[in-house]
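Data first, discussion second: the structure below is written as structure tokens.
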Amino acid sequence: MAARALAAIPPGSALPGVRSREPLHPGRFLERHYLKPLAMTQTEAARRLGVSRRRINELVQAKRAMSPDTAIRCALAFGLPAGEWLALQAEWDGFQAWKALRRAQRAA
């Protein structure tokens, strides 16, 4: 059934609700819109959020997802609601899933 659904998707088409271009990972968003403008190091951000520096580094490098816990901590520290941080993660996850399905379709 899933293979049939994939086969029905014309090459190059976009999926409704999924961006056609790669969205910004929430960690990159954190770096671009908060850390750099505030001249805040990852170490300072980790201290402010009460998490490890490694956690912040992996997030900024797009190697870690924005968890609900981290989203709440970012909301408290930077003022952007936790739901917005999680929406960024959902956009990222949806796009990555779409890319994986497209690769699977091409490989089949």
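The values are calculated or read from the model by the stated rules, or taken from the named source; none is laboratory data. Predicted model, so just to flag it, every value in this text is computed and none were measured. So basically every Cβ, Gly included, is an ideal-geometry build from the backbone, and we count neighbours across all protein chains shown.
Taking only the stretch 52-108 into account, find how many residues are aliphatic (A, V, I, L, M), closer than 17 Å to Glu22 by Cα and at pLDDT below 95.
Summing the residues that are aliphatic (A, V, I, L, M), closer than 17 Å to Glu22 by Cα and at pLDDT below 95 in the stretch 52-108 gives 3.
If the Cβ limit is 7 Å and pairs must be 6+ apart or interchain, which residue in the stretch 62-83 that is closer than 13 Å to Ala45 by Cα pairs with which residue that is not in a helix (DSSP H, G or I)?
Thr70/Val51; Arg73/Gly50; Arg73/Val51; Cys74/Leu80; Ala75/Pro81
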